[in-house]
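The values are calculated or read from the model by the stated rules, or taken from the named source; none is laboratory data. Being a predicted model, the structure only gives us computed values, none of them experimental. Cβ: placed from backbone, ideal geometry, glycine included. Neighbour counts: every protein chain shown.
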Amino acid sequence: MREYSAIWDTGATNSVITQQVVDELGLAPTGIAMVRTAADDAPRPVEAFLVNMMLPNSVGVSGLRVSKGALATQTQVLIGMDIIGQGDFAVTNLAGKTTFTFRMPSIERIDFTAGTASAPLPNPKARAGRNDPCPCGSGRKYKRCHLAKDLASSN
């Protein structure tokens, strides 16, 4: 088993490997795939291969048909919706720490907006007038809620 750098691309219908992967693994083409990239005006033929792929979280895909293509930077594998669409994935950013997670197969619907009302985000640059409603959403006037705290913190 070899490790390769990959990019997760929800805009790609299918997964892609580079010539480097083909050469290092000694893969033989299984056919031709017609592909269209953002740079192409029309579909074009490229070699297709069957591969087994293991993601870092030990999620594996066997007998995956991929096409050969050139990828940007030092990336050798592009993971497309042919894999992504078989599972659940989410990106969160709690406390400024970005977390990406994926599981396969899909086992439940995840909807961050279902059944929750999100409060408006405070705008730190907006200044409320003394008699305006407090931006914290308490319903109280700004002067009776956060004005004194805001003045103290700005000094």
ALA95 being in the same structural domain as VAL21 (by TED's automatic domain parsing) and at pLDDT 90 or above: no
Residue within the range 64-75 that is basic (Lys, Arg), over 30 Å from GLY137 (Cβ atoms) and exposed (fewer than 11 other Cβ atoms within 10 Å of the Cβ) present: no
Meets criteria (out of contact with any His (no Cβ under 9 Å at 6 or more places or on another chain), loosely packed, with under 11 Cβ neighbours inside 10 Å and hydroxyl-bearing (Ser, Thr, Tyr)) for THR37: no
Scope the range 56-92; condition modelled with pLDDT of 90 or more, over 12 Å from THR18 (Cα atoms) and assigned to a loop (DSSP other than H, G, I, E, B); matching residues: GLY80, GLY85, GLN86, GLY87
Contacts under 9 angstrom Cβ, first residue in the range 118-135 being within 11 Å of HIS146 (Cα to Cα) and assigned by TED's automatic domain parsing to the domain that holds LYS149, partner in a loop (DSSP other than H, G, I, E, B) and at pLDDT below 65, 6 or more apart: PRO135/PRO120; PRO135/PRO122; PRO135/ASN123; PRO135/ALA126
Any pair with Cβ under 7 angstrom, 6 or more apart, that starts in the range 20-45 at a residue that is part of a helix (DSSP H, G or I) and ends at one that is exposed (fewer than 11 other Cβ atoms within 10 Å of the Cβ): GLU24/ARG2; LEU25/ARG2
The range 1-59, residues that are among the hydroxyl-bearing types (Ser, Thr, Tyr) and either farther than 29 Å from VAL91 by Cβ or in contact with a helix residue (DSSP H, G or I) (Cβ under 7 Å, 6 or more places away or on another chain) (or both): TYR4, THR10, THR13, SER15, THR30
